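Take a look at the structure set out below.
The values are calculated or read from the model by the stated rules, or taken from the named source; none is laboratory data. Since the structure is predicted, the reported quantities are computational estimates derived from the model, not experimental observations. Every residue, glycine among them, receives a Cβ derived from its backbone with ideal geometry; neighbour counts consider all protein chains shown. Surface areas here come from the heavy atoms of the whole protein model, side chains and all, with no ligands, DNA or RNA. Shrake-Rupley method; radii C 1.70, N 1.55, O 1.52, S 1.80 Å.
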Amino acid sequence: MPKSPQLEVIEGPEHSLHALHALTRSELVAGRAPESEILLADRGVSRRHFQVSLTDGRWFVEDLGSSNGTHVNGLRILQPWVLRNGDHIKAGPFTLAFNSDEEEIGATVLNQKRMSSARQELFDNAAGRKLQAVLDLTASLGGVNDPEGIFLGVARHLFTLFPVADRVMLIDGIGDASQVAGAFTRAGESSLNRRFSHSVLRRVTSENIGIIASRETGDLSSAGSTLGAMGVQSFACVPLHDGNGKASGALLVDRFEPGPPFSQEDLSLLTAVAISVSISLENGRLQKRLVDQVRLQRDMAVAREIQQSYLPEIPSTLRWQGHEAAASLHPAREVAGDFYDVLTLASGSTLFLVGDVSGKGIPAALFLASVRTLIRHFASEITDPGELLQTVNNRLAADNPKMMFVTLLLALVQPDGSLVLASGGHPPPARIIPGTPASLLGLRPGRLLGIDAVDRPFPTTQLRLSPGETLLMYTDGVNEAPMADDPSVQFGNARLCAFLDARASVGTLGSLHEQLCAELTRFSGTSEFEDDVTLLSLRLP
(Lines give C-alpha, C1' and ligand atoms only; values in the text may rest on other atoms or scores of the structure.)
Protein backbone atom coordinates (compact mmCIF):
# COMPACT_ATOMS: atom_id res chain seq x y z
CA MET A 1 0.00 0.00 0.00
CA PRO A 2 1.39 3.47 -0.83
CA LYS A 3 2.75 5.76 1.91
CA SER A 4 0.54 8.65 0.75
CA PRO A 5 -2.92 8.45 -0.85
CA GLN A 6 -3.09 8.40 -4.62
CA LEU A 7 -5.54 7.97 -7.47
CA GLU A 8 -4.74 5.31 -10.07
CA VAL A 9 -6.44 5.25 -13.47
CA ILE A 10 -7.75 1.68 -13.85
CA GLU A 11 -10.16 2.31 -16.74
CA GLY A 12 -9.96 4.81 -19.56
CA PRO A 13 -8.09 5.60 -22.79
CA GLU A 14 -5.03 3.39 -23.29
CA HIS A 15 -2.51 6.20 -22.95
CA SER A 16 -3.77 6.98 -19.45
CA LEU A 17 -4.12 3.48 -17.97
CA HIS A 18 -2.31 2.94 -14.67
CA ALA A 19 -1.34 6.59 -14.42
CA LEU A 20 -0.76 7.49 -10.77
CA HIS A 21 -1.81 10.84 -9.29
CA ALA A 22 -0.34 11.36 -5.83
CA LEU A 23 -2.55 13.42 -3.52
CA THR A 24 0.28 15.65 -2.33
CA ARG A 25 -1.89 18.75 -1.89
CA SER A 26 -4.95 19.25 0.29
CA GLU A 27 -7.10 20.15 -2.71
CA LEU A 28 -6.85 18.92 -6.31
CA VAL A 29 -9.19 19.39 -9.27
CA ALA A 30 -9.69 16.69 -11.90
CA GLY A 31 -10.94 17.57 -15.36
CA ARG A 32 -10.02 18.04 -19.00
CA ALA A 33 -8.87 21.64 -18.57
CA PRO A 34 -5.09 21.81 -19.14
CA GLU A 35 -4.56 23.52 -15.78
CA SER A 36 -6.22 20.65 -13.84
CA GLU A 37 -4.00 18.98 -11.24
CA ILE A 38 -5.44 15.63 -12.37
CA LEU A 39 -5.71 15.88 -16.16
CA LEU A 40 -8.37 13.62 -17.72
CA ALA A 41 -8.20 14.52 -21.39
CA ASP A 42 -11.43 13.32 -22.96
CA ARG A 43 -14.59 14.97 -24.31
CA GLY A 44 -16.70 12.97 -21.89
CA VAL A 45 -15.04 14.77 -18.97
CA SER A 46 -15.98 18.33 -17.97
CA ARG A 47 -13.32 21.01 -17.75
CA ARG A 48 -13.59 20.96 -13.95
CA HIS A 49 -15.20 17.60 -13.28
CA PHE A 50 -14.55 16.74 -9.64
CA GLN A 51 -12.36 17.76 -6.72
CA VAL A 52 -10.61 15.73 -4.04
CA SER A 53 -9.79 17.52 -0.80
CA LEU A 54 -8.41 16.74 2.63
CA THR A 55 -10.51 17.84 5.61
CA ASP A 56 -9.91 16.80 9.23
CA GLY A 57 -7.70 13.93 8.14
CA ARG A 58 -10.24 12.49 5.67
CA TRP A 59 -10.23 12.66 1.88
CA PHE A 60 -13.43 13.80 0.20
CA VAL A 61 -14.50 13.75 -3.44
CA GLU A 62 -17.00 16.36 -4.69
CA ASP A 63 -18.60 16.83 -8.09
CA LEU A 64 -18.04 20.33 -9.53
CA GLY A 65 -21.23 20.54 -11.55
CA SER A 66 -19.97 18.26 -14.31
CA SER A 67 -22.15 17.41 -17.30
CA ASN A 68 -22.03 13.63 -16.88
CA GLY A 69 -21.75 13.53 -13.10
CA THR A 70 -19.20 11.92 -10.80
CA HIS A 71 -19.85 8.38 -9.55
CA VAL A 72 -18.32 6.59 -6.57
CA ASN A 73 -18.65 2.81 -6.61
CA GLY A 74 -21.39 3.09 -9.25
CA LEU A 75 -23.48 5.74 -7.44
CA ARG A 76 -23.74 9.33 -8.66
CA ILE A 77 -22.74 11.68 -5.84
CA LEU A 78 -24.61 14.92 -5.20
CA GLN A 79 -22.60 16.07 -2.20
CA PRO A 80 -19.05 15.65 -0.81
CA TRP A 81 -18.31 11.95 -0.29
CA VAL A 82 -15.80 10.46 2.14
CA LEU A 83 -13.29 8.28 0.30
CA ARG A 84 -12.20 4.92 1.66
CA ASN A 85 -9.35 2.74 0.52
CA GLY A 86 -10.30 0.92 -2.70
CA ASP A 87 -13.16 3.26 -3.70
CA HIS A 88 -13.64 3.74 -7.45
CA ILE A 89 -14.32 7.22 -8.86
CA LYS A 90 -15.83 7.39 -12.37
CA ALA A 91 -15.69 10.53 -14.52
CA GLY A 92 -16.66 10.04 -18.16
CA PRO A 93 -14.66 7.09 -19.55
CA PHE A 94 -12.16 7.23 -16.66
CA THR A 95 -12.30 5.12 -13.50
CA LEU A 96 -9.77 6.00 -10.79
CA ALA A 97 -9.07 3.85 -7.72
CA PHE A 98 -8.42 5.59 -4.41
CA ASN A 99 -5.44 3.90 -2.75
CA SER A 100 -4.60 4.74 0.85
CA ASP A 101 -2.58 3.22 3.65
CA GLU A 102 -5.43 3.72 6.15
CA GLU A 103 -5.94 0.85 8.54
CA GLU A 104 -9.07 -1.27 8.64
CA ILE A 105 -11.75 -0.95 11.33
CA GLY A 106 -10.48 -2.08 14.70
CA ALA A 107 -6.81 -2.33 13.75
CA THR A 108 -5.83 0.27 16.35
CA VAL A 109 -8.44 -0.52 19.00
CA LEU A 110 -6.06 -2.41 21.32
CA ASN A 111 -3.49 -0.74 23.53
CA GLN A 112 -0.47 -2.98 23.58
CA LYS A 113 0.40 -2.04 27.18
CA ARG A 114 -3.05 -2.86 28.44
CA MET A 115 -4.28 -5.67 26.18
CA SER A 116 -3.24 -8.45 23.89
CA SER A 117 -5.04 -9.68 20.80
CA ALA A 118 -8.75 -10.30 21.40
CA ARG A 119 -8.68 -13.00 18.75
CA GLN A 120 -6.03 -14.94 20.67
CA GLU A 121 -7.64 -14.75 24.11
CA LEU A 122 -11.29 -14.61 23.21
CA PHE A 123 -12.10 -18.27 23.88
CA ASP A 124 -9.45 -19.26 26.42
CA ASN A 125 -12.06 -19.82 29.14
CA ALA A 126 -15.65 -21.06 28.70
CA ALA A 127 -14.99 -21.27 24.99
CA GLY A 128 -18.29 -22.86 24.03
CA ARG A 129 -20.42 -20.33 25.87
CA LYS A 130 -18.51 -17.35 24.51
CA LEU A 131 -18.44 -18.65 20.98
CA GLN A 132 -22.21 -19.19 20.97
CA ALA A 133 -22.79 -15.73 22.47
CA VAL A 134 -20.58 -14.04 19.87
CA LEU A 135 -22.30 -15.94 17.04
CA ASP A 136 -25.72 -14.94 18.40
CA LEU A 137 -24.55 -11.34 18.78
CA THR A 138 -23.28 -11.20 15.18
CA ALA A 139 -26.57 -12.64 13.91
CA SER A 140 -28.54 -10.04 15.90
CA LEU A 141 -26.82 -7.22 14.03
CA GLY A 142 -28.08 -8.22 10.58
CA GLY A 143 -30.54 -5.83 8.93
CA VAL A 144 -30.36 -3.21 11.72
CA ASN A 145 -29.11 0.25 10.70
CA ASP A 146 -29.59 2.81 13.47
CA PRO A 147 -27.33 2.96 16.57
CA GLU A 148 -30.19 2.45 19.03
CA GLY A 149 -31.54 -0.51 17.07
CA ILE A 150 -28.09 -2.08 16.87
CA PHE A 151 -27.63 -1.75 20.60
CA LEU A 152 -31.04 -3.28 21.34
CA GLY A 153 -29.87 -6.38 19.47
CA VAL A 154 -26.50 -6.44 21.23
CA ALA A 155 -27.42 -5.67 24.85
CA ARG A 156 -28.71 -9.07 26.04
CA HIS A 157 -25.73 -10.86 24.51
CA LEU A 158 -23.34 -8.57 26.38
CA PHE A 159 -24.76 -9.73 29.71
CA THR A 160 -24.10 -13.33 28.63
CA LEU A 161 -20.53 -12.50 27.67
CA PHE A 162 -19.90 -10.39 30.78
CA PRO A 163 -21.63 -12.06 33.74
CA VAL A 164 -20.18 -9.55 36.24
CA ALA A 165 -21.71 -6.54 34.37
CA ASP A 166 -24.68 -4.70 35.89
CA ARG A 167 -25.03 -2.20 33.04
CA VAL A 168 -24.05 -2.01 29.37
CA MET A 169 -24.00 1.21 27.31
CA LEU A 170 -23.34 2.37 23.74
CA ILE A 171 -22.16 5.96 23.31
CA ASP A 172 -22.50 7.35 19.79
CA GLY A 173 -20.26 10.26 18.79
CA ILE A 174 -17.33 11.94 20.54
CA GLY A 175 -16.81 15.21 22.36
CA ASP A 176 -19.79 17.54 22.60
CA ALA A 177 -21.61 15.47 19.95
CA SER A 178 -21.62 12.30 22.07
CA GLN A 179 -24.93 10.86 23.23
CA VAL A 180 -26.16 7.62 24.74
CA ALA A 181 -27.62 5.46 21.98
CA GLY A 182 -28.68 2.81 24.47
CA ALA A 183 -28.28 1.81 28.12
CA PHE A 184 -29.44 -1.44 29.74
CA THR A 185 -29.27 -2.93 33.21
CA ARG A 186 -29.89 -6.58 33.91
CA ALA A 187 -33.46 -5.63 34.80
CA GLY A 188 -34.03 -4.14 31.32
CA GLU A 189 -33.67 -0.85 29.45
CA SER A 190 -32.42 1.97 31.65
CA SER A 191 -34.02 5.33 30.95
CA LEU A 192 -32.71 6.92 34.16
CA ASN A 193 -29.19 5.61 34.67
CA ARG A 194 -27.63 6.89 31.44
CA ARG A 195 -24.75 8.93 32.91
CA PHE A 196 -21.19 8.26 31.82
CA SER A 197 -17.77 9.79 32.35
CA HIS A 198 -16.82 12.25 29.65
CA SER A 199 -13.20 12.15 30.79
CA VAL A 200 -13.11 8.38 30.21
CA LEU A 201 -14.73 8.84 26.78
CA ARG A 202 -12.18 11.51 25.83
CA ARG A 203 -9.29 9.29 26.82
CA VAL A 204 -10.64 6.18 25.10
CA THR A 205 -11.40 8.00 21.84
CA SER A 206 -8.41 10.38 21.74
CA GLU A 207 -5.80 7.73 22.66
CA ASN A 208 -7.66 5.00 20.79
CA ILE A 209 -7.33 2.50 23.64
CA GLY A 210 -9.47 0.28 25.82
CA ILE A 211 -9.55 0.86 29.58
CA ILE A 212 -10.40 -1.29 32.59
CA ALA A 213 -10.52 0.17 36.09
CA SER A 214 -11.71 -0.91 39.53
CA ARG A 215 -12.13 0.45 43.06
CA GLU A 216 -10.34 -2.63 44.38
CA THR A 217 -7.18 -1.83 42.38
CA GLY A 218 -7.37 1.83 43.35
CA ASP A 219 -7.31 3.17 39.79
CA LEU A 220 -11.00 4.03 39.43
CA SER A 221 -10.60 7.48 40.98
CA SER A 222 -8.25 8.48 38.17
CA ALA A 223 -10.75 7.37 35.55
CA GLY A 224 -13.24 10.12 36.28
CA SER A 225 -15.22 11.59 39.18
CA THR A 226 -18.59 10.86 37.53
CA LEU A 227 -18.16 7.10 37.82
CA GLY A 228 -17.15 7.36 41.46
CA ALA A 229 -20.18 9.51 42.25
CA MET A 230 -22.41 6.97 40.55
CA GLY A 231 -21.10 4.17 42.72
CA VAL A 232 -19.39 2.27 39.90
CA GLN A 233 -17.16 -0.48 41.30
CA SER A 234 -15.51 -1.59 38.04
CA PHE A 235 -15.80 -0.89 34.32
CA ALA A 236 -14.39 -1.73 30.89
CA CYS A 237 -14.62 0.76 28.00
CA VAL A 238 -13.40 0.44 24.41
CA PRO A 239 -13.68 2.77 21.39
CA LEU A 240 -15.90 2.27 18.35
CA HIS A 241 -14.64 3.24 14.90
CA ASP A 242 -16.03 4.62 11.65
CA GLY A 243 -15.08 3.38 8.20
CA ASN A 244 -11.96 5.57 8.20
CA GLY A 245 -10.59 4.05 11.40
CA LYS A 246 -11.39 7.15 13.46
CA ALA A 247 -13.04 6.87 16.87
CA SER A 248 -16.80 7.40 16.62
CA GLY A 249 -18.04 6.42 20.07
CA ALA A 250 -17.54 3.83 22.77
CA LEU A 251 -18.88 0.59 24.22
CA LEU A 252 -19.03 0.43 28.03
CA VAL A 253 -19.79 -2.30 30.59
CA ASP A 254 -19.73 -1.54 34.31
CA ARG A 255 -20.66 -3.00 37.68
CA PHE A 256 -22.23 -1.34 40.75
CA GLU A 257 -22.17 -4.29 43.16
CA PRO A 258 -19.07 -5.51 45.00
CA GLY A 259 -17.32 -8.41 43.33
CA PRO A 260 -14.47 -9.32 41.06
CA PRO A 261 -13.31 -6.54 38.71
CA PHE A 262 -13.33 -6.73 34.93
CA SER A 263 -10.27 -8.56 33.69
CA GLN A 264 -7.81 -8.25 30.84
CA GLU A 265 -9.69 -11.08 29.15
CA ASP A 266 -12.94 -9.09 29.48
CA LEU A 267 -11.26 -6.11 27.85
CA SER A 268 -10.07 -8.25 24.93
CA LEU A 269 -13.52 -9.76 24.54
CA LEU A 270 -15.24 -6.37 24.65
CA THR A 271 -12.79 -5.13 22.01
CA ALA A 272 -13.78 -8.01 19.70
CA VAL A 273 -17.46 -7.15 20.23
CA ALA A 274 -16.73 -3.46 19.51
CA ILE A 275 -15.21 -4.41 16.17
CA SER A 276 -18.45 -6.14 15.12
CA VAL A 277 -20.59 -3.29 16.43
CA SER A 278 -18.39 -0.71 14.63
CA ILE A 279 -18.82 -2.53 11.33
CA SER A 280 -22.60 -2.66 11.79
CA LEU A 281 -22.76 1.02 12.71
CA GLU A 282 -20.69 1.97 9.67
CA ASN A 283 -22.88 -0.17 7.40
CA GLY A 284 -25.88 1.61 8.87
CA ARG A 285 -24.32 5.00 8.17
CA LEU A 286 -23.52 3.99 4.59
CA GLN A 287 -27.03 2.71 4.01
CA LYS A 288 -28.48 5.92 5.43
CA ARG A 289 -26.30 7.94 3.05
CA LEU A 290 -27.53 5.83 0.15
CA VAL A 291 -31.16 6.26 1.23
CA ASP A 292 -30.64 10.01 1.68
CA GLN A 293 -28.99 10.24 -1.74
CA VAL A 294 -31.81 8.32 -3.43
CA ARG A 295 -34.30 10.58 -1.67
CA LEU A 296 -32.37 13.65 -2.79
CA GLN A 297 -32.30 12.40 -6.38
CA ARG A 298 -36.04 11.80 -6.23
CA ASP A 299 -36.63 15.26 -4.74
CA MET A 300 -34.46 16.80 -7.46
CA ALA A 301 -36.51 15.03 -10.11
CA VAL A 302 -39.72 16.37 -8.56
CA ALA A 303 -38.17 19.84 -8.35
CA ARG A 304 -37.33 19.66 -12.05
CA GLU A 305 -40.90 18.65 -12.89
CA ILE A 306 -42.24 21.54 -10.84
CA GLN A 307 -39.79 23.94 -12.44
CA GLN A 308 -40.67 22.74 -15.94
CA SER A 309 -44.39 23.03 -15.16
CA TYR A 310 -44.28 26.79 -14.64
CA LEU A 311 -42.44 27.45 -17.89
CA PRO A 312 -45.11 28.69 -20.30
CA GLU A 313 -45.65 26.67 -23.46
CA ILE A 314 -45.22 28.71 -26.61
CA PRO A 315 -46.78 26.85 -29.56
CA SER A 316 -45.10 27.66 -32.84
CA THR A 317 -48.45 28.64 -34.35
CA LEU A 318 -49.24 31.21 -31.66
CA ARG A 319 -48.65 34.90 -32.32
CA TRP A 320 -48.47 38.04 -30.18
CA GLN A 321 -49.25 41.37 -31.83
CA GLY A 322 -48.45 39.67 -35.13
CA HIS A 323 -45.12 38.20 -33.95
CA GLU A 324 -44.26 34.51 -34.01
CA ALA A 325 -42.50 33.18 -30.91
CA ALA A 326 -40.65 30.06 -29.76
CA ALA A 327 -38.80 29.11 -26.56
CA SER A 328 -36.72 26.20 -25.26
CA LEU A 329 -34.70 25.44 -22.13
CA HIS A 330 -32.05 22.71 -21.74
CA PRO A 331 -30.89 22.37 -18.09
CA ALA A 332 -27.28 21.33 -17.46
CA ARG A 333 -28.30 19.75 -14.14
CA GLU A 334 -31.44 18.31 -12.56
CA VAL A 335 -32.83 21.80 -12.00
CA ALA A 336 -32.01 24.91 -13.98
CA GLY A 337 -30.76 28.35 -13.06
CA ASP A 338 -32.12 29.69 -16.37
CA PHE A 339 -35.74 30.55 -17.09
CA TYR A 340 -38.01 32.31 -19.53
CA ASP A 341 -41.52 33.69 -19.17
CA VAL A 342 -44.32 35.31 -21.15
CA LEU A 343 -46.81 37.68 -19.49
CA THR A 344 -49.90 39.19 -21.09
CA LEU A 345 -50.47 42.58 -19.47
CA ALA A 346 -53.68 44.53 -18.88
CA SER A 347 -52.41 47.23 -21.25
CA GLY A 348 -52.62 44.77 -24.14
CA SER A 349 -48.83 44.42 -24.33
CA THR A 350 -46.95 41.15 -23.96
CA LEU A 351 -43.76 40.86 -21.91
CA PHE A 352 -41.15 38.28 -22.95
CA LEU A 353 -38.18 37.70 -20.67
CA VAL A 354 -35.11 35.49 -20.32
CA GLY A 355 -33.10 35.17 -17.10
CA ASP A 356 -30.00 33.46 -15.74
CA VAL A 357 -29.41 33.08 -12.00
CA SER A 358 -25.90 32.81 -10.56
CA GLY A 359 -24.90 29.34 -9.40
CA LYS A 360 -26.49 25.97 -10.09
CA GLY A 361 -28.69 23.38 -8.47
CA ILE A 362 -31.23 23.89 -5.68
CA PRO A 363 -29.93 27.28 -4.40
CA ALA A 364 -30.16 28.75 -7.90
CA ALA A 365 -33.63 27.24 -8.40
CA LEU A 366 -34.91 28.78 -5.13
CA PHE A 367 -33.49 32.20 -6.01
CA LEU A 368 -34.96 31.85 -9.49
CA ALA A 369 -38.43 31.22 -8.02
CA SER A 370 -38.13 34.45 -5.99
CA VAL A 371 -37.09 36.43 -9.08
CA ARG A 372 -39.95 35.04 -11.15
CA THR A 373 -42.47 35.81 -8.40
CA LEU A 374 -41.27 39.41 -8.09
CA ILE A 375 -41.42 39.98 -11.85
CA ARG A 376 -44.94 38.59 -12.14
CA HIS A 377 -46.10 40.67 -9.17
CA PHE A 378 -44.69 44.03 -10.26
CA ALA A 379 -45.35 43.57 -14.01
CA SER A 380 -49.05 44.00 -13.27
CA GLU A 381 -48.35 47.54 -12.00
CA ILE A 382 -45.22 48.68 -13.90
CA THR A 383 -45.39 48.72 -17.69
CA ASP A 384 -41.96 50.20 -18.46
CA PRO A 385 -39.27 47.43 -18.68
CA GLY A 386 -36.56 49.72 -17.29
CA GLU A 387 -38.64 50.65 -14.22
CA LEU A 388 -39.60 47.00 -13.75
CA LEU A 389 -35.93 45.95 -13.65
CA GLN A 390 -35.16 48.75 -11.18
CA THR A 391 -37.95 47.65 -8.82
CA VAL A 392 -37.09 43.95 -8.98
CA ASN A 393 -33.39 44.72 -8.48
CA ASN A 394 -34.03 46.85 -5.39
CA ARG A 395 -36.30 44.24 -3.81
CA LEU A 396 -33.69 41.52 -4.37
CA ALA A 397 -30.83 43.67 -3.06
CA ALA A 398 -32.78 44.51 0.12
CA ASP A 399 -32.75 40.86 1.30
CA ASN A 400 -29.92 38.92 -0.34
CA PRO A 401 -27.51 37.61 2.36
CA LYS A 402 -25.84 35.13 -0.04
CA MET A 403 -25.22 37.91 -2.61
CA MET A 404 -26.70 35.89 -5.45
CA PHE A 405 -27.59 37.74 -8.63
CA VAL A 406 -29.56 37.32 -11.83
CA THR A 407 -29.22 38.65 -15.37
CA LEU A 408 -32.47 39.55 -17.13
CA LEU A 409 -33.47 40.55 -20.65
CA LEU A 410 -36.97 41.99 -21.12
CA ALA A 411 -38.76 42.54 -24.45
CA LEU A 412 -42.13 44.29 -24.28
CA VAL A 413 -44.22 43.82 -27.45
CA GLN A 414 -46.71 46.68 -27.57
CA PRO A 415 -50.13 46.64 -29.30
CA ASP A 416 -48.75 48.61 -32.27
CA GLY A 417 -46.08 45.91 -32.82
CA SER A 418 -43.11 47.92 -31.56
CA LEU A 419 -40.71 46.52 -28.95
CA VAL A 420 -39.17 48.05 -25.83
CA LEU A 421 -36.12 46.16 -24.53
CA ALA A 422 -34.19 46.45 -21.27
CA SER A 423 -31.23 44.43 -20.03
CA GLY A 424 -29.88 43.77 -16.57
CA GLY A 425 -26.37 42.43 -17.24
CA HIS A 426 -27.67 39.94 -19.83
CA PRO A 427 -26.05 39.02 -23.18
CA PRO A 428 -27.48 41.18 -25.99
CA PRO A 429 -29.98 39.50 -28.34
CA ALA A 430 -29.06 38.65 -31.91
CA ARG A 431 -30.90 40.43 -34.72
CA ILE A 432 -31.32 38.61 -38.01
CA ILE A 433 -32.54 40.61 -41.03
CA PRO A 434 -32.86 38.68 -44.32
CA GLY A 435 -30.10 39.71 -46.73
CA THR A 436 -28.06 41.37 -43.97
CA PRO A 437 -25.36 39.78 -41.78
CA ALA A 438 -26.67 38.80 -38.36
CA SER A 439 -25.45 41.03 -35.54
CA LEU A 440 -25.89 41.59 -31.83
CA LEU A 441 -28.28 44.35 -30.87
CA GLY A 442 -26.51 47.34 -29.34
CA LEU A 443 -28.34 47.46 -26.01
CA ARG A 444 -27.10 49.39 -23.02
CA PRO A 445 -26.64 46.37 -20.74
CA GLY A 446 -27.47 47.74 -17.29
CA ARG A 447 -26.13 46.03 -14.18
CA LEU A 448 -26.59 42.60 -12.61
CA LEU A 449 -29.73 42.39 -10.51
CA GLY A 450 -29.67 41.72 -6.77
CA ILE A 451 -26.32 43.21 -5.68
CA ASP A 452 -27.02 46.87 -4.90
CA ALA A 453 -30.06 49.15 -5.02
CA VAL A 454 -30.24 51.72 -7.85
CA ASP A 455 -31.97 55.11 -7.89
CA ARG A 456 -33.01 55.24 -11.53
CA PRO A 457 -34.66 52.94 -14.10
CA PHE A 458 -32.52 50.65 -16.25
CA PRO A 459 -31.88 51.95 -19.79
CA THR A 460 -34.34 50.90 -22.52
CA THR A 461 -34.13 50.55 -26.30
CA GLN A 462 -36.98 51.00 -28.83
CA LEU A 463 -37.17 48.59 -31.77
CA ARG A 464 -39.53 47.61 -34.55
CA LEU A 465 -38.98 44.39 -36.48
CA SER A 466 -39.35 44.35 -40.25
CA PRO A 467 -41.20 41.52 -42.06
CA GLY A 468 -39.08 38.35 -41.93
CA GLU A 469 -36.80 39.76 -39.22
CA THR A 470 -35.95 37.60 -36.17
CA LEU A 471 -34.82 38.54 -32.67
CA LEU A 472 -33.07 35.74 -30.74
CA MET A 473 -32.66 36.05 -26.96
CA TYR A 474 -30.41 33.51 -25.20
CA THR A 475 -28.39 32.85 -22.04
CA ASP A 476 -24.61 32.61 -21.73
CA GLY A 477 -24.76 28.81 -22.03
CA VAL A 478 -24.75 29.54 -25.79
CA ASN A 479 -21.90 32.00 -26.35
CA GLU A 480 -19.76 30.54 -23.51
CA ALA A 481 -20.07 26.88 -24.57
CA PRO A 482 -16.51 25.39 -24.56
CA MET A 483 -14.89 23.73 -27.56
CA ALA A 484 -14.35 19.98 -27.21
CA ASP A 485 -10.70 20.00 -28.35
CA ASP A 486 -9.73 23.16 -26.51
CA PRO A 487 -12.04 24.12 -23.62
CA SER A 488 -10.41 27.54 -23.37
CA VAL A 489 -12.07 28.40 -26.71
CA GLN A 490 -15.73 29.39 -26.47
CA PHE A 491 -18.50 29.31 -29.05
CA GLY A 492 -18.56 33.09 -28.96
CA ASN A 493 -20.62 35.79 -30.62
CA ALA A 494 -18.93 35.53 -34.03
CA ARG A 495 -19.79 31.82 -34.42
CA LEU A 496 -23.33 32.51 -33.25
CA CYS A 497 -23.85 35.21 -35.86
CA ALA A 498 -22.25 33.07 -38.60
CA PHE A 499 -24.56 30.21 -37.70
CA LEU A 500 -27.62 32.48 -37.79
CA ASP A 501 -26.60 33.90 -41.17
CA ALA A 502 -26.76 30.42 -42.66
CA ARG A 503 -29.97 29.14 -41.05
CA ALA A 504 -32.11 31.85 -39.46
CA SER A 505 -34.26 32.52 -42.50
CA VAL A 506 -35.00 28.83 -43.11
CA GLY A 507 -37.79 26.92 -41.36
CA THR A 508 -39.65 27.66 -38.13
CA LEU A 509 -38.25 29.26 -35.03
CA GLY A 510 -38.55 25.90 -33.28
CA SER A 511 -36.34 24.25 -35.90
CA LEU A 512 -33.86 27.12 -35.54
CA HIS A 513 -33.56 26.32 -31.83
CA GLU A 514 -33.05 22.62 -32.55
CA GLN A 515 -30.34 23.33 -35.11
CA LEU A 516 -28.53 25.74 -32.79
CA CYS A 517 -28.52 23.16 -29.95
CA ALA A 518 -27.20 20.55 -32.39
CA GLU A 519 -24.41 22.94 -33.39
CA LEU A 520 -23.53 23.53 -29.72
CA THR A 521 -23.44 19.76 -29.20
CA ARG A 522 -21.08 19.33 -32.14
CA PHE A 523 -18.87 22.18 -30.96
CA SER A 524 -18.66 20.97 -27.34
CA GLY A 525 -18.49 17.26 -28.14
CA THR A 526 -21.31 16.41 -25.71
CA SER A 527 -25.08 16.58 -25.61
CA GLU A 528 -24.98 17.39 -21.88
CA PHE A 529 -24.17 21.08 -21.71
CA GLU A 530 -21.90 22.46 -18.99
CA ASP A 531 -24.30 25.35 -18.47
CA ASP A 532 -28.04 25.80 -18.98
CA VAL A 533 -29.02 26.77 -22.52
CA THR A 534 -32.17 28.87 -22.93
CA LEU A 535 -33.49 30.32 -26.19
CA LEU A 536 -36.44 32.65 -26.85
CA SER A 537 -37.03 34.12 -30.29
CA LEU A 538 -39.50 36.50 -31.96
CA ARG A 539 -40.12 36.89 -35.66
CA LEU A 540 -42.34 39.18 -37.70
CA PRO A 541 -43.74 37.04 -40.59
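Some points to look at:
- Among residues of region 1-28 that are closer than 15 Å to Lys90 by Cα, those with a Cβ under 7 angstrom from a residue that is open to solvent by 100 Å² or more (accessible area, probe 1.4 Å) and modelled with pLDDT under 90, sequence gap 6+ or separate chain, pair up as Glu8/His18; Val9/His18.
- Residues (modelled with pLDDT of 85 or more, more than 25 Å from Ser527 (Cα to Cα) and of a type outside the set (A, V, I, L, M, F, W, C)) located in region 323-378: Glu324, Thr344, Ser347, Gly348, Ser349, Thr350, Ser370, Arg372, Thr373, Arg376, His377
- Yes/no for Leu75 being in contact (Cβ under 8 Å) with a residue 12 or more places away in the chain and in contact with a strand residue (DSSP E or B) (Cβ under 8 Å, 6 or more places away or on another chain): no
- Among residues of region 50-72 being outside any strand (DSSP E or B) and in contact with a strand residue (DSSP E or B) (Cβ under 6 Å, 6 or more places away or on another chain), the one that is least open to solvent (accessible area, probe 1.4 Å) is Gly69.
- One residue alone among Leu535, Leu512 is under 19 Å from Asp338 (Cα atoms), aliphatic (A, V, I, L, M) and touching a helix residue (DSSP H, G or I) at 6+ places or on another chain (Cβ under 9 Å), and that residue is Leu535.
- Residues in region 262-296 that are hydroxyl-bearing (Ser, Thr, Tyr) and either over 30 Å from Leu75 (Cα atoms) or without any contact (Cβ under 8 Å) to a residue 60 or more places away in the chain (or both): Ser263, Ser268, Thr271.
- Residue pairs whose Cβ atoms lie under 9 Å apart, separated by 6 or more positions or on different chains, with the first residue in region 184-196 and under 14 Å from Gly153 (Cα atoms) and the second at pLDDT below 80 and basic (Lys, Arg), are Phe184/Arg156.
- Residue among Ser423, Ser418, Ser466 that alone is within 26 Å of Glu324 (Cβ to Cβ) and within 38 Å of the chain's Cα centre (by Cα): Ser423
- Taking region 37-83 as the range and being aliphatic (A, V, I, L, M) and over 21 Å from Arg289 (Cα atoms) as the test, the residues that pass are Ile38, Leu39, Leu40, Ala41, Val45.
- Residues located in region 449-495, provided they are touching a residue at least 12 places away in the same chain (Cβ under 8 Å), open to solvent by 60 Å² or more (accessible area, probe 1.4 Å) and within 30 Å of Gly435 (Cα to Cα): Gln462, Arg464, Pro467, Glu480, Asn493, Arg495
- Residue satisfying condition, being among the basic types (Lys, Arg), in a loop (DSSP other than H, G, I, E, B) and modelled with pLDDT of 90 or more, within set Arg84, Arg114, Arg43, Arg47: Arg47
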